[in-house]
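So the structure is just underneath, and the comments pick up after that.
Values in this text are rule-based calculations from the coordinates and carry no lab data. Here the structure is a predicted model, which means the values were calculated and not measured. Don't worry about glycine lacking a Cβ; one is built from the backbone with ideal geometry, like all the others, and counts go over all protein chains shown.
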Amino acid sequence: MLGFDGLDPATVDLLLAEGKLPNFAKIRLGGAYGRVKSFQPMLSPILWTTIATGKTPDQHGIGHFVVHEAGGGERTAPVTSDMRRVKALWNLFSDAGKRVGTLGWWATWPPEKVNGFIASDHLAWHFLFAQGFEEESGPGATYPPELESRLQPLLVRPQQIGAAELAPFVDVTAEEIARPFSLTDDLQHFRWVLATMRSYRDIGLELWKSERPDLMLAYFEGTDSTSHLFGHLFRARALEGELALQQRRYGRAVEAVYEYADRILGDFLAALDSQTTLVVVSDHGFELGTLPDDPSRLRDMRRVSERFHKEEGVLFLYGAGVRPGTRIDGATLLDVAPTVLALGGLAPAQDMPGKVLAAAFRDFPEPVRKPTYEIGETPAAVPDDDAAERDAKVDRAQIEHLQSLGYLAGGSSPESDRNLAAIAFEARQYEKSARMYKVLVERDPDDSALRTSLAGVLGALGRYDEALAELAIALKLEPLNPEGHYNSGLALERLGRRDEALASYRTALRYQPGYEPARQALLRLTGETGERAAANAAEAEAMTLAEEAAAAARRGAYQEALARLDEAGRAAPHLPLICQYESNVAYLAGDRPRAIRALERCLALEPDNALFQQNLKQLQKTP
């Protein structure tokens, strides 16, 4: 199994049509292919654990990238293998006496004892130890422990990715390449991405050929990280200013990494024999080449977090037993593990919600399921008492990596339990979800988002007065909370307080014009779309000019946008929308005084607008 994080099916289809992915074309034409549905929240440790276990997050227990350290206050650490509550494919194959190999998979450190090998996700951070890999890092990233030193010659450091290696991907100078390594530096981060992809390719091929496991899983993160760093530039047209400069330097990176993934696939195809079945999967897709509607987000677009993840990934099956030319329809990530178990001659479990994708294979009857594999303990991780300092360094690097991609805002993150509570809510396990949220609120009573979520669960249970009480606290803590205003509207509507509900829905849209649940609520109750209609010809002209300004700002054409907004302001000086756009664009153009003046005009028009108040306060701080 080859896992390519965030590999987007629409982008694969586009590049296939252009003849740029010959190896993906080979397995698509000669095997089975389809899109695979992902699940919310679309965060890699959750999804790749779901793929490896065939279990939902509430079953397997991995709910986020990080958790709060036990006894560590607010300190966070990446999730680890011993937090997983169920057995993964490598455990199940080992228990059945089959040899396994796992490479780079999320949440595989500390490595578990298996019949075979595990090169854990900590192996990607070997370059942090400057003086001799074996001496500095010691055992701990692999099982068996001695495998780590054996793999040393195949590990590539970011410093080894020089001008020649970078040339197919980016256009940068020698001075930029020579900068000190930092994951907050886009170029240096990208060097780490390439170094990790090359390391795992070389290690995977070596171990596949030398160890010949019955099952091997190899994970490549680079397709996702590159999309986070540079995905907004992918084939985006008519960019200007700083965005045009970014595109000249990094605009080809995403496409080139997809082509690199295709070459990696080709390397593994060349190593396969006629008895081997290949599974290629991604955990989700990625929206590429899209710029945000709000131009104020452009400057931080490279840190897009999971907001640009798409709910469909790719799934290819190729090789032994696969029916060529088969289309896979309706698959989800939960179907991967049962299918792999069946391919290995093992029975899927009844407590695995997914199905076996039998239609993709020749003569492949649905296997009889056993009740469960969760009997006895999951194999313990290999102890390593001497590696605490090394592991702390890796933890810090992983946290920095996640922060630089926008996953951990402000250096912290919701706990895993927050996502698990949300998953319970989506599964309509409302009582369970309410209990989980109450524990979290007690732990952090000033977290507006937690109180808002708890209120949503209370509303689902019909406890509307309790929900409104939680929301009152949440909105006092964070007035710019569209979900909070929307949930207030729902509770008020259920209590028959229609006018108050409408006011709450309108407030949600005031602070986030694209908030679709509130827009749909207004449309349902009144026929309103939530968008302000022009009162006269002058307003209509101003709103058209504002949209043209927003489109120009998305492309980085800030002066063109400001000129359009000047025209709009003269046509309708009483519209808050115009001065709001002007403030955003002026800030992006580096004109802080103009941004402040525009917001002051906004507040003169709407003195109670909390968004304007907050933005002005931020702008008035010393830069």
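Observations on the model:
- From most to least packed by mean Cβ count within 10 Å, the peptides 160-171, 359-370 give 160-171, 359-370.
- Think of the chain as a dipole: +1 on every Lys or Arg Cβ, -1 on every Asp or Glu Cβ, centred on the Cα centre; then among 205, 333, 260, 333 lies furthest on the positive end.
- Taken along the Cα-to-beta-carbon direction at a fixed 7 Å, the label points for residue 13 and residue 270 span 3.1 nm.
- Label corresponding to P(r) over Cα pairs in 20 Å bins from 0, in percent when calculated from the structure given, among (i) 14, 30, 24, 17, 9, 4, 1, 0; (ii) 17, 46, 27, 9, 1; (iii) 17, 49, 30, 4: (iii)
- Amide H to amide H distances under 5 Å link residue 156 with 199, where only residues 5 or more positions off or on other chains count and H is placed in the peptide plane.
- Note, ³J(HN,Hα) from phi for segment 206-214, Karplus 6.51, -1.76, 1.60, rounded to Hz, x at Gly and Pro: 4, 6, 4, 6, 8, 9, 6, x, 5
- Given charges at beta-carbon only (K, R positive; D, E negative), |dipole| of the chain in Debye: 1060
- Across the options 552, 97, 359, the greatest Cα extent toward the positive end of the charge dipole of the chain (unit charges at beta carbon of Lys, Arg, Asp, Glu) belongs to 359.
- Calculated [θ] (222 nm, deg cm²/dmol) that DSSP helices of n ≥ 4 give over the chain, each run adding -39,500 (n - 2.57): -15000 deg cm²/dmol
- Based on the Stokes-Einstein relation at 20 °C and a viscosity of 1.002 mPa s, and on the Kirkwood radius from alpha carbon pairs, segment 1-69 is assigned a translational diffusion coefficient of 151 µm²/s.
- Residues whose placed amide H lies under 5 Å from that of residue 286, excluding near-sequence neighbours: 8, 310
- The calculated FRET efficiency for residue 355 paired with residue 248, based on their beta-carbon distance and R0 = 45 Å, is about 0.45.
- Between segment 328-365 and segment 174-192, the alpha-carbon center distance in angstrom: 42
- Total formal charge among the other residues, if their Cβ is under 9 angstrom from that of residue 485, Lys/Arg +1 and Asp/Glu -1: +1
- Phi-based couplings in Hz for segment 519-524 (Karplus 6.51, -1.76, 1.60; Gly and Pro marked x): 4, 5, 5, 5, 4, 5
- A simple charge model with +1 on the Cβ of Lys and Arg, -1 on the Cβ of Asp and Glu and nothing else charged puts the dipole of segment 527-608 at about 340 debye relative to its Cα centre.
- Projected label distance in nm at residue 175 and residue 363, using a 7 Å step from Cα toward the beta-carbon: 6.8
- At an R0 of 51 angstrom, the distance between the Cβ atoms of residue 472 and residue 163 translates into a FRET efficiency of 0.30.
- Taking every alpha-carbon pair under 8 Å whose residues sit at least 6 apart, the chain reaches a relative contact order of 17 percent.
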